[in-house]
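*Asks:* What follows is a single structure, and I will ask about it in a moment.
The values are calculated or read from the model by the stated rules, or taken from the named source; none is laboratory data. Since the structure is predicted, the reported quantities are computational estimates derived from the model, not experimental observations. In this analysis, Cβ positions are derived from the backbone assuming ideal geometry, glycine residues included, and neighbour counts consider all displayed protein chains.
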């Protein structure tokens, strides 16, 4: 069986790209770093895309604003319109929002903190996981520890926008308790209406293996440190969804 190919996009200021590639590969995908300086047309040869975390272009203007205007993101947006999978992690989620790939959803400064926050959080799968390719292999209520690390990670929008998101079950991942960044409706991950694009603010790639989360999860102490942890399932679902779209031989 052919392993799906995934481009992990790197802008100046991106970080966690190595962990993201590792998580994709562990889930059975062929992943490689795709640099901002490469020919954007080469992106069309990949089956899916991950926009990694960090501070693209130093987050000048707004987080993700400059990267969202790049030729690379223009191609990814076109390919997403054809049904290809796109996962935006933290800064990558901000890029997706700035590029209009989530509709009228925005990301704003954390409240009430008003500054960067870094902590482990619990994220829970919402009522219709099949709504989104990246949660489609999970059950409602599935809980995952993830690393939150951002200063502008508060999903926001008009009441009408969030009413529509709720009606269409697009808030596929929520913080288990109160959102530490003040996100509307406790939103941690929001997908587009088609379900092939996910903007996820906490980092699953920083909590994908036992060694990342054993301090907080006694059940993972003493096990193989490279054992996949719960957050690894985001990448497993991506791989499964990509394999499901493979044409029959």
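*Asks:* What residue, among those in the range 205-223 that are in contact (Cβ under 8 Å) with a residue 40 or more places away in the chain and assigned to a loop (DSSP other than H, G, I, E, B), is nearest to the chain's Cα centre (by Cα)?
*Replies:* Looking at residues that are in contact (Cβ under 8 Å) with a residue 40 or more places away in the chain and assigned to a loop (DSSP other than H, G, I, E, B), I get 205.
*Asks:* Just give me the residues in the range 38-63 being part of a loop (DSSP other than H, G, I, E, B) and farther than 19 Å from residue 198 by Cα, in sequence order. Break it down stepwise before answering.
*Replies:* Of the residues in the range 38-63, the ones part of a loop (DSSP other than H, G, I, E, B) are 38-39, 46-47, 52-53, 55, 60-63.
The answer is 38, 39, 60, 61, 62.
*Asks:* With the structure loaded, tell me whether residue 226 is more than 14 Å from the chain's Cα centre (by Cα), in a loop (DSSP other than H, G, I, E, B) and closer than 22 Å to residue 118 by Cα or whether it fails that test.
*Replies:* no
*Asks:* Scan the range 19-37 residue by residue and report those that are at pLDDT 95 or above, touching a strand residue (DSSP E or B) at 6+ places or on another chain (Cβ under 9 Å) and not in a strand (DSSP E or B).
*Replies:* 19, 20, 21, 22, 23, 24, 25, 26, 27, 29
*Asks:* Next question. Test residue 174 against the stated conditions and say whether it is within 17 Å of the chain's Cα centre (by Cα) and at pLDDT 95 or above. Even if it seems obvious, please write down each step before you answer.
*Replies:* Details: within 17 Å of the chain's Cα centre (by Cα): yes; at pLDDT 95 or above: yes.
Criteria met by residue 174.
*Asks:* Tally time: how many residues in the range 12-28 are within 16 Å of the chain's Cα centre (by Cα) and in contact (Cβ under 8 Å) with a residue 60 or more places away in the chain?
*Replies:* Matching residues across the range 12-28 total 8.
*Asks:* Report yes if residue 66 is assigned to a helix (DSSP H, G or I), touching a helix residue (DSSP H, G or I) at 6+ places or on another chain (Cβ under 9 Å) and without any contact (Cβ under 8 Å) to a residue 24 or more places away in the chain, otherwise no. So that I can check it myself, show each step before the final result.
*Replies:* Values: assigned to a helix (DSSP H, G or I): yes; touching a helix residue (DSSP H, G or I) at 6+ places or on another chain (Cβ under 9 Å): yes; without any contact (Cβ under 8 Å) to a residue 24 or more places away in the chain: yes.
Judged against the criteria, residue 66 is a match.
*Asks:* From the list 188, 199, pick out the single residue that is assigned to a strand (DSSP E or B), closer than 15 Å to residue 107 by Cα and out of contact with any helix residue (DSSP H, G or I) (no Cβ under 9 Å at 6 or more places or on another chain). So that I can check it myself, show each step before the final result.
*Replies:* Numbers: 199 fails: out of contact with any helix residue (DSSP H, G or I) (no Cβ under 9 Å at 6 or more places or on another chain).
None of the others qualify; the one that does is 188.
*Asks:* Has the range 194-204 got any residue that is in contact (Cβ under 8 Å) with a residue 24 or more places away in the chain, surrounded by fewer than 21 Cβ atoms within 10 Å (Cβ to Cβ) and in contact with a strand residue (DSSP E or B) (Cβ under 8 Å, 6 or more places away or on another chain)?
*Replies:* Keep residues of the range 194-204 that are in contact (Cβ under 8 Å) with a residue 24 or more places away in the chain, which gives 194-204.
Applying the additional criterion that residues be surrounded by fewer than 21 Cβ atoms within 10 Å (Cβ to Cβ) yields 194.
Filter again for in contact with a strand residue (DSSP E or B) (Cβ under 8 Å, 6 or more places away or on another chain), leaving none.
No, there is no match, as no residue in the range 194-204 is in contact (Cβ under 8 Å) with a residue 24 or more places away in the chain, surrounded by fewer than 21 Cβ atoms within 10 Å (Cβ to Cβ) and in contact with a strand residue (DSSP E or B) (Cβ under 8 Å, 6 or more places away or on another chain).
*Asks:* Counting just the residues of the range 143-169 that are out of contact with any helix residue (DSSP H, G or I) (no Cβ under 7 Å at 6 or more places or on another chain) and assigned to a loop (DSSP other than H, G, I, E, B), which one comes out surrounded by the fewest Cβ atoms within 10 Å (Cβ to Cβ)?
*Replies:* Taking the candidates together, the pick is 158.
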